Structure formats: C-alpha cells, structure tokens
Amino acid sequence: MFRRIASELRRHAPFTTLGAITGIIIMVIIVFGNVLPQVSQVSYTIFYILHPTHVVLSALVTTAMYKKYGKGKIWMAVLIGYLGSVGIATLSDSIIPYLGETLFGFENRGIHIGFIEEWQIVNPAALIGIIIGYLKPTTKLPHSGHVLISTWASLFHIIMALGETVNWVAFLATFLFLFLAVWIPCCMSDIVFPLLFVKKEVATPEHITYNQHHERG
C-alpha cells in the first residue's frame with residue numbers, strides 16, 4: 001500500500017503542479033488587475049460554488065472506483081463515497097489552506113467547513129456524486145476536473161485571507177499550499193481511499209495502476 005501511495009503521488013505531481021499554476025495565474029490577474037478588494041468581498045460565495053462542485057466530482061470518482069473494483073454493497077459504496085469526498089474535500093479546500101494562511105500570517109477570516117456551514121448544499125452535492133458514480137462509474141474526466149476545481153476552491157479560501165497587501169511571499173506561499181492541498185488529499189480520495197476496501201488481490205498495483213485507471217474511465 002505504501003508503494004502504491006508513493007507511486008500515485010509521483011504520477012499526480014505534474015498535473016497537480018499545473019493546477020497550482022492555474023491558481024497562481026488567476027491570483028496574478030486578480031492582484032495586478034487591481035480587483036482584489038472586490039474579489040475578496042465575493043470570495044466566500046465563489047468558494048461555496050467551487051467547494052460543492054469539488055465534492056460532487058470527488059464523490060463521483062471515489063464511488064466509481066469502489067464500484068468498479070470492490071463489487072461491494074450499496075451502503076458501503078455510499079459510506080465510502082461520502083467520507084472520501086466530504087471528509088477529504090474539507091481537508092483539501094479548507095483545513096490545509098487555513099494552515100497556510102495561519103503560518104504565513106494572512107488576515108485570516110477563520111476556517112470554513114462546508115458540510116457544517118453550508119450543509120444544505122454540500123451534503124446533497126455529495127449524494128449527487130455518489131449516485132452518479134454508482135450508476136455510471138466513470139473516472140477519467142471527473143478526476144481531472146476534481147483536481148482543477150479543488151485547486152480553485154483552495155485558492156478562494158486563501159483569497160478570503162489575503163488582505164489588501166500581497167507580496168511575492170504571498171504568491172510563493174499560495175503556490176505551495178495550493179499544491180499540497182490538492183496533491184495528497186485528491187490522490188488519497190480518488191484512488192487510495194476506495195481501494196482500501198477492495199480485496200487485496202484486486203487492489204494490488206499490478207491489477208490497477210494510475211494509467212489503467214485513466215484508460216478505463
């Protein structure tokens with residue numbers, strides 16, 4: 001299992017880096033376009049559009065992976081899909097960005113836990129993703145979208161805390177925590193987490209690799 005985690009993290013790193021770069025591009029446009037104050041005012045709303053979207057895609061992929069290789073009962077698929085999406089999306093979009101904001105002394109507005117603050121949106125979003133993933137288990141495009149949407153959700157959590165002064169340290173810190181917020185959690189939720197509940201002989205790296213995972217999507 002440790003070998004698989006290391007392998008998947010290595011394979012995800014380039015695309016995750018690309019996703020983080022798109023986040024920095026958006027941040028550059030906002031800062032140097034002199035619209036940071038206006039965007040900061042609506043960043044909470046943007047976050048709560050992107051975060052539930054992330055949850056839908058994460059639940060879809062996590063459930064689909066378990067459905068494809070686990071062949072388990074529907075209640076197990078629902079439980080795995082929910083925990084693998086809501087739990088890990090919270091870590092990715094909220095907790096890791098909050099740690100970065102705190103560490104680098106941004107003007108923090110606090111941590112935003114979607115399934116609590118906006119439970120009426122985030123929890124149904126997870127259910128929608130679970131249903132789609134169970135009935136139509138596809139993983140290729142949802143996984144790619146998951147990485148990008150997660151990056152942007154994390155970005156707008158950070159933008160809420162940026163304040164009015166943004167220097168190169170803020171850009172560097174944002175890039176670092178965008179990468180970390182997506183790299184480990186998204187790999188864990190989409191691939192490693194659902195396969196923890198799959199029979200060992202099916203879940204070995206020889207039977208399912210990252211490339212196979214995308215080709216079969």
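None of the figures in this text is laboratory data; all of them are computed from the coordinates on show. The model shown is predicted, which means the values in this text are computed figures rather than measured ones. All Cβ positions, glycine included, derive from the backbone under ideal geometry; neighbour counts span all protein chains shown.
In degrees from 0 to 90, rounded to the nearest 10, what is the angle of the helix 168-187 Cα long axis to the longest principal axis of the chain? Helix 168-187 sits at roughly 10 degrees to that axis.
Once every DSSP H run of n ≥ 4 in the chain is given -39500 (n - 2.57) and the sum is divided by its residues, what mean residue ellipticity at 222 nm do you get, rounded to the nearest 500 deg cm²/dmol? Mind dumping the intermediate values first?
Working: 10 runs with 154 residues, N = 217.
One gets -23500 deg cm²/dmol as the mean residue ellipticity at 222 nm.
So for Val169, Val122, Val61, Val31, fewest C-beta neighbours within 10 Å to most, what's the order?
Working: Val169 10, Val122 23, Val61 33, Val31 17.
Ascending Cβ contact count within 10 Å gives the list Val169, Val31, Val122, Val61.
Couplings 3J(HN,Hα) for the stretch 92-98, derived from phi with the Karplus relation 6.51 cos²θ - 1.76 cosθ + 1.60 (θ = phi - 60°), are 6, 7, 10, 5, 5, x, 4 Hz, where x marks Gly and Pro. With θ taken as phi - 60° and the Karplus curve 6.51 cos²θ - 1.76 cosθ + 1.60 applied, the whole-hertz 3J(HN,Hα) list for the stretch 75-82 is 5, 6, 4, 5, 4, 5, x, 6 Hz, x standing for glycine and proline. Annotation: amide H-H contacts under 5 Å for Gly163 (H modelled 1.01 Å from N, sequence separation of 5 or more, or interchain): Glu107. Each residue of the stretch 19-24 was assigned a 3J(HN,Hα) from its phi angle through the Karplus curve 6.51 cos²θ - 1.76 cosθ + 1.60 (θ = phi - 60°); the sequence is x, 5, 5, 4, x, 5 Hz, with glycine and proline shown as x. Below 8 Å, C-alpha to C-alpha, sequence gap of six or more: please give me the relative contact order for the stretch 29-150 in percent. Contact order relative to length: 44 percent.
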